[in-house]
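Participant: Dropping the structure in here first, questions after.
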Amino acid sequence: MRVYVPLTLPALSEAHGAGELGPAPVEAYAVTPGLLAWWGSQDEEELEYAALRQAAGASLRLLADQFEAARRRVVVVAEAAEATVTVAEETGGERDDEGDDEGAVGRVRLTAAVPLTKAAAVHLDAEDAVDDVTAALGALSAALSGDEKAQQVVDRADDHELLWFATQEIPALIG
């Protein structure tokens, strides 16, 4: 199953050193029934793009806890064994009383580490996204609390498309 693993550049460096995305459990995103219903399309390419965008949002949330990390979202695309993928609870894009929100749509848990040899690509923000990603990190808490102006700041980071890199380029990306 194709999964989209949100990381930061330091986490990508750790994965590269270990030769795997892990240890388990690993949070990732995939085309799940909940994402299919939320996105409203049957087009496989669009659905994979939606899973990538969900993972990019999770990478932004990871950056909020890693002050030393470069302000660039990272997503690794990999093939995981179906038996190791568990679909997390999905709420369909609306907040419920427990605080779950659209960030849960498409979320899966990997019960085993994924060898980096199973990675297909790395997606990473370009340098020109750093200012908007940094601003989004400053507004993230307020946006998660429902502040519409803060959400607009976070959305500006989402306006940046992640660049595609081959896995062979990981040493240059983390170097």
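Participant: Every residue in the range 19-71 that is among the hydroxyl-bearing types (Ser, Thr, Tyr), at pLDDT below 95 and either surrounded by fewer than 14 Cβ atoms within 10 Å (Cβ to Cβ) or in a helix (DSSP H, G or I) (or both), please.
Facilitator: Ser41
Participant: Going by the conditions given, is Asp132 under 16 Å from Ser59 (Cβ atoms) and exposed (fewer than 13 other Cβ atoms within 10 Å of the Cβ)?
Facilitator: Spelling it out, it is not the case that Asp132 is under 16 Å from Ser59 (Cβ atoms) and exposed (fewer than 13 other Cβ atoms within 10 Å of the Cβ).
Participant: Please specify each residue of the range 1-18 satisfying the condition of being of a type in the set (A, V, I, L, M) and either assigned to a helix (DSSP H, G or I) or surrounded by fewer than 23 Cβ atoms within 10 Å (Cβ to Cβ) (or both).
Facilitator: Residues satisfying the conditions are Met1, Leu9, Ala11, Leu12, Ala15, Ala18.
Participant: Any idea how many residues of the range 156-175 are more than 15 Å from the chain's Cα centre (by Cα) and assigned to a helix (DSSP H, G or I)?
Facilitator: Result for the range 156-175: 9.
Participant: Of these, Thr167, Thr117, Thr111, which one is at pLDDT 95 or above, polar (S, T, N, Q), touching a helix residue (DSSP H, G or I) at 6+ places or on another chain (Cβ under 9 Å) and surrounded by fewer than 13 Cβ atoms within 10 Å (Cβ to Cβ)?
Facilitator: Thr117 is the lone residue from the list that is at pLDDT 95 or above, polar (S, T, N, Q), touching a helix residue (DSSP H, G or I) at 6+ places or on another chain (Cβ under 9 Å) and surrounded by fewer than 13 Cβ atoms within 10 Å (Cβ to Cβ).
Participant: Cβ-Cβ under 6 Å, sequence separation 6+ or interchain: first residue in the range 157-175 and touching a residue at least 60 places away in the same chain (Cβ under 8 Å), partner part of a helix (DSSP H, G or I) and β-branched (Val, Ile, Thr). Which pairs?
Facilitator: Ala157/Val133
The values are calculated or read from the model by the stated rules, or taken from the named source; none is laboratory data. Just so we're clear, the structure is a prediction, and the values are computed from it rather than from any experiment. Please note: Cβ atoms are built from the backbone with ideal geometry, for glycine as well, and neighbour counts cover all protein chains shown.
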